[in-house]
Amino acid sequence: MKTIFKIAMLSSLLIGAYGYSEADVSAQPTDSYVTLSELIENAEEYDGKTILFKGEAIGDPLKRGDHTWVNVSDGNNSAVGVYRTSSQASEISTYGAYENKGDILVITGTFHEACFEHGGDLDIHADSVQIDKAGYRMADPWSYKQLMAALFLAAAAGSLLVFALYSVRCYNSEKSGKDA
Ligand SMILES: [Zn+2]
């Protein structure tokens, strides 16, 4: 039974990790918002321009004097550093993590392909930041679908184990039958 438990645990972890990477920010695309991949692919074109970007505040904010860096993800497994005043940043109540869904922010700011001020990194200097949707603590980070998938995998692993044990027993009894 220990093996079944281990397999079930492993499946759960894998499914959990996959589930987390699937943010639902990109589920509602709006033409006026530029995505992170669009910014990266057309970095030269957007460099120095004012852009409208929407995404989830994730990770931990990094305070630097009167400004704070906030990582914002647009849901495609990547994030961009957004430089903003600390008072703007203090309005964010929830940052995305495994157990949290972060605040969804709408940022108007200047995009920098290689920011001169910040060591040549790609970043966004925010002019205004609005909280589009407040984040929340996920009471149950497991969705029904994930739970069902984990149970199915655990059941499949269990069946395989039972079949293996049964085969070994048949083989042994056959062998002992021949020996007698
Ligand atoms: Zn910068």
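Nothing in this text is a laboratory measurement; each read-out follows from the coordinates by a stated rule. Everything numeric in this text was worked out from a predicted model, so none of it was measured. Here the Cβ positions follow ideal geometry from the backbone for every residue, glycine too, while neighbour counts run over all protein chains shown.
Brief remarks on what is shown
- Amide H to amide H, with H built 1.01 Å from N, Ser143 comes under 5 Å of no residue 5 or more places away or on another chain.
- Cα-based Rg and Dmax for region 31-137, where Dmax is the largest Cα-Cα distance (Å): 12.8, 38
- Sorting 101-113, 38-50 by average packing, meaning the other beta carbons within 10 Å per residue, from highest down gives 101-113, 38-50.
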